[in-house]
Amino acid sequence: MSQPIERESMEVDVLYVGAGPATLASAIHLMNQVAAFNEAAETRGSRPIEPPTVLVLEKSAGVGDHMLSGACMNPKAIAELVPDFENQGFPTENICNSDWLYLFTNKHALPVPAIFAPPFHKRGYHVISLSNVAKWLGERAEAAGVDIYPGFAGDEILTEGGRVVGVRTGDMGVDKDGKPKGTFAAGMDIFAKVTVIGEGVRGTLAKQLIERFDLQGANPQTFETGVKEIWRIDPKKHKPGRVIHGMMLPELLKHKFVGMFMYDMGDNLISYGYVTGLDGESPHTDPHLEAQKFKTHPWMRNLLEGAELVRYGAKCLPTGGLYAQPKLYHDGAMLVGDSASMCNAARLAGVHMAMKSGMLAAETIVEALDAQDFSSKTLGGYAERVRGSWIYDEHAADRNFHGSWEKGTFFFLQNIPLTFVTGGRGLVDEIGVRAGHTHMKKLSELPPNEREKEAFEFDGKLTFSKEHLVGFSGTAHEADQPSHLVVADTDLCSTTCAEEYGNPCESFCPAAVYEMVNDTESPGRKKLFIHHENCVHCKTCDIADPYQIITWTPPEGGEGPDYTRM
Ligand SMILES: Cc1cc2nc3c(=O)[nH]c(=O)nc-3n(C[C@H](O)[C@H](O)[C@H](O)COP(=O)(O)OP(=O)(O)OC[C@H]3O[C@@H](n4cnc5c(N)ncnc54)[C@H](O)[C@@H]3O)c2cc1C
Ligand code: SF4
């Protein structure tokens, strides 16, 4: 489109990007805090704050529709936000009353009570569907006067003189050649005094903000991909309140970071998830395949005998913790939740931290509204609040988790128990790490027997191909639009990448989006075909590509997976 586009614009006081636990908790807390401030002001006879206009943008068609998590949630943040949440219809599936760490060999499963494995001690935690929790929070936010626009993706941060002044939403109704269709609607410019970015993992705007203003912390962020399936199992095997995490000893000894979780939900459903580190050496790393293979373990096979698959999806989570935390604020902007590395990968727990970070951001916004100062000077109070909160204590206690792993399995097994008794320090503090994709080896650097990807036959009953499983994610994207997966140099895919790495995108994408097909114009050569309609918004490709030439961008607002009950 060559002519300049006329855009509508609007102004709000506070703009949140993403309707996740971080931003929704923040918006609710903000409204509560403003009301409390004004009540106190009335008593004191001092100046009240003008009730702020607050808007939340969410790329999914409905709040919670793109939400995928485990999830076994530490209830401390929700109890601070809504003290009587349990009497207010909070959608708890079960409360954990039995927690285990399973050590899996190829054939056997050794259950260890979680009391001996502190990170997996989850008694009293709530097993939830994060999708349902987001809907519940969204209703509360709207009741408090917050506007939520589902189906609107933030596409670009707007800046003025080095200050963030808002967000541009994505254009709608553009065809695959980039031309406007009859349904064309230009994205809107939304200006705000403060923009709070809570897009979850590897956010588009968070990435722009961190890169443009050089906000990245000491270490680069690192990631895992979690593949999740919901199954309806035999009622006789269903045990409400059971929470299991598992480590695979053969993989651990090969220094492959993988792990599983299994939580009993309501209605005889279980949440099964398998996480794979995106810092492996093999270009064949395939989170979907790992999740399928593990279901053939005798323990899983027995659990799933006679069970029915209900849902499939995938999403990354940040694992870098405290040392990968970006600067949390900039003039006119703040980062909350996963976008701000508020996730504890050692405990597979981020929901409570996301909510608390949002609440601390809200308290800072109240100060900024009172002072009418949205510069770093006032917004920096957020970082101080985080530093003085339980988020920091929890993060600090596990600050060397990922770094220990990077130093090798032997070091990891020695150092992690030491971190438990040294307040997180262990043998070495502030272990430097490398971005995950830099660990990937070229095919020529692998032992000859590892150069070919292993063959695996999906049986169609317990294990399924990516193409089949995508149907269980409910994902949908208009075909006639530019691909939202932007590959900067597709020639490189056909030449250098094919030769050096064997096109790892075909492996690491859990939704069969990337396919090297015969290039009819150049016989003997393959070219990249992108099935963008299949994308489940996990962000793995944006992270794991060894050349870093894939950029995940938001598709048209409202498109993507349907993660109901995930
Ligand atoms: C497989 C897996 C298992 C997990 N298990 C657990 C667990 O058991 N317990 C636990 O506590 N934590 C768990 N976590 C971590 C937890 O889910 C996250 O830490 C938490 O969801 C982060 O919340 P958030 O609000 O920052 O982001 P999210 O929950 O990711 O929400 C972000 C929202 O922003 C929207 N969005 C993104 N980009 C844009 C954009 N540009 N414009 C508009 N909207 C946008 C998304 O659609 C989404 O709705 C798990 C994570 C994964 C992936
Ligand atoms: S294209 Fe990228 S974001 Fe989409 S499912 Fe595949 S790896 Fe995930």
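The values are calculated or read from the model by the stated rules, or taken from the named source; none is laboratory data. Because the structure is a prediction, the values reported are computed rather than measured. Every residue, glycine among them, receives a Cβ derived from its backbone with ideal geometry; neighbour counts consider all protein chains shown. Calculation scope for accessible area: heavy atoms of the full protein, side chains included, ligands and nucleic acids excluded. Shrake-Rupley method; radii C 1.70, N 1.55, O 1.52, S 1.80 Å.
Under the rule of at least 5 residues apart or a separate chain, name every residue whose amide H is placed under 5 Å from the amide H of Phe223.
Those qualifying (amide H under 5 Å, at least 5 residues apart or on another chain) are Leu278, Thr319, Gly436.
Using each residue's phi in the stretch 462-474, evaluate 6.51 cos²θ - 1.76 cosθ + 1.60 at θ = phi - 60° and report the 3J(HN,Hα) Karplus result to the nearest Hz, with x for Gly and Pro.
Here the 3J(HN,Hα) series is 10, 10, 9, 6, 4, 4, 5, 5, 3, x, 8, 9, x Hz.
Work through the residues other than Lys453 whose Cβ is under 11 Å from its Cβ and net out their charges, Lys, Arg +1 and Asp, Glu -1. Walk me through the numbers before you get to the answer.
On the way: positive: Arg451; negative: Asp286, Glu450, Glu452, Glu454, Glu506.
Charge balance near Lys453 sits at -4.
With a 1.4 Å probe and every protein chain left in place, work out the accessible area per residue of the chain in Å², rounded to a whole number. Intermediate values should be presented prior to the final figure.
Values: 22750 Å² over 566 residues.
I get 40 Å² per residue for this part.
Taking a probe of 1.4 angstrom, what is the accessible area of Trp100 in Å², to the nearest 10?
Using a 1.4 Å probe on the heavy atoms, I get roughly 80 Å².
Whole-Hz Karplus ³J(HN,Hα) for the stretch 533-542, in order, using 6.51 cos²θ - 1.76 cosθ + 1.60 and θ = phi - 60°, x for Gly and Pro?
Residue by residue, the stretch 533-542 yields 4, 7, 4, 9, 6, 7, 6, 4, 5, 5 Hz.
What figure in square angstrom, to the nearest 10, would you give for the accessible area of Thr183 with a 1.4 Å probe?
Answer for Thr183: close to 100 Å² accessible.
Residues with amide H under 5 Å of Leu158's amide H, sequence separation 5 or more or different chain, H placed in the peptide plane at 1.01 Å from N; which?
Val165, Gly166, Val167, Arg168
Along each of the three principal axes of the Cα atoms of the stretch 1-136, give the extent in whole Å, ordering the values from largest to smallest.
62, 58, 24
Quick one: of Lys207/Lys256; Lys256/Lys526; Lys327/Lys356; Lys228/Lys293, which pairs are farther than 24 Å apart, Cα to Cα? Numbers along the way, then the final one.
On the way: Lys207/Lys256 27 Å; Lys256/Lys526 30 Å; Lys327/Lys356 17 Å; Lys228/Lys293 13 Å.
Where the Cα-Cα span goes over 24 Å, the pairs concerned are Lys207/Lys256; Lys256/Lys526.
Expressed in whole Å with the largest first, what are the equivalent ellipsoid semi-axes of the chain derived from the C-alpha gyration tensor as the square root of 5 times each eigenvalue?
36, 30, 23
Let's test the formula: R0 of 45 Å, r as the Cβ-Cβ distance of Thr53 and Asp175. What FRET efficiency results, to the nearest 0.05? Let's see the in-between values first.
Numbers: r = 35 Å, r/R0 = 0.78.
After rounding to 0.05, the efficiency reads 0.80.
What list of ³J(HN,Hα) values in whole Hz, one per residue of the stretch 505-520 in order, does the Karplus curve 6.51 cos²θ - 1.76 cosθ + 1.60 (θ = phi - 60°) give from phi, with Gly and Pro shown as x?
Couplings: 4, 5, 8, 6, 6, x, 10, 6, 7, 9, 9, 8, 10, 4, 8, 5 Hz.
For Ser46 and Asp429, calculate 0.36 nm times their separation in residues minus their Cα-Cα distance, and state this gained length in nm to one decimal.
Between Ser46 and Asp429, full extension yields 133.1 nm more.
Modelling each spin label as a point 7 Å along the Cα-to-Cβ direction, I'd like the Ser522/Ala109 distance in nm, to one decimal.
Spacing of the two 7 Å Cα→Cβ label points: 4.9 nm.
Which whole-number percentage describes the relative contact order of the chain, with Cα contacts under 8 Å and a sequence gap of 6 or more? Write down the numbers at each step before the final one.
On the way: 1294 pairs, mean separation 112.0, N = 566.
Here the relative contact order equals 20 percent.
In nm, give the distance between the simple-model label positions of Phe420 and Ile549, each being 7 Å from the Cα along the Cα-to-Cβ direction.
Inter-label distance under the simple model: 4.6 nm.
Between Phe184 and Ala61, what length in nm is gained on full extension when 0.36 nm per residue of separation is reduced by their alpha carbon distance? If you can, show how the numbers build up before the last one.
Values: separation 123, 0.36 × 123 = 44.28 nm, distance 1.79 nm.
Length difference between fully extended and current span is 42.5 nm.
Which of the three applies to the stretch 295-337, rounded, prolate or oblate, going by the alpha-carbon gyration tensor with a ≥ b ≥ c and a/c under 1.5 meaning rounded? Before the final figure, lay out each step's value.
Details: a/c = 7.05, a/b = 2.98, b/c = 2.37.
Prolate is the answer for the stretch 295-337, as a/c is 1.5 or above and a/b outweighs b/c.
Determine which aspartates and glutamates satisfy two conditions relative to Lys461: a Cα distance under 13 Å, and not lying fewer than 8 residues away in the same chain.
Straight-line reach from Lys461, under 13 Å: Glu305, Glu308.
Search the structure for amide H atoms under 5 Å from the amide H of Tyr514, placed 1.01 Å from N in the peptide plane, and list their residues when 5 or more places away or on another chain.
His531
Considering only the chain, what is the antiparallel percent among its DSSP beta bridges, to the nearest 5?
Working: 63 of 90 bridges.
Bridges in the chain that DSSP calls antiparallel: roughly 70 percent.
Considering only DSSP states other than H, G, I, E and B, which GluC sites (Glu not before Pro) in the stretch 486-566 qualify as loop sites with at most 12 other Cβ atoms within 10 Å? Write down the numbers at each step before the final one.
Numbers: sites: Glu499, Glu500, Glu506, Glu515, Glu521, Glu533, Glu556, Glu559; in loops: Glu521, Glu556, Glu559.
When the GluC sites (Glu not before Pro) of the stretch 486-566 are filtered for loop state and at most 12 Cβ neighbours within 10 Å, Glu521 remain.
In the full protein assembly as shown, how much of Arg347 is accessible to a 1.4 Å probe, in Å² to the nearest 10?
About 60 Å², ignoring ligands and nucleic acids.
What nm value, rounded to one decimal, do you get for the distance between Ala488 and Ser98 when each label is placed 7 Å out toward the C-beta?
5.2 nm
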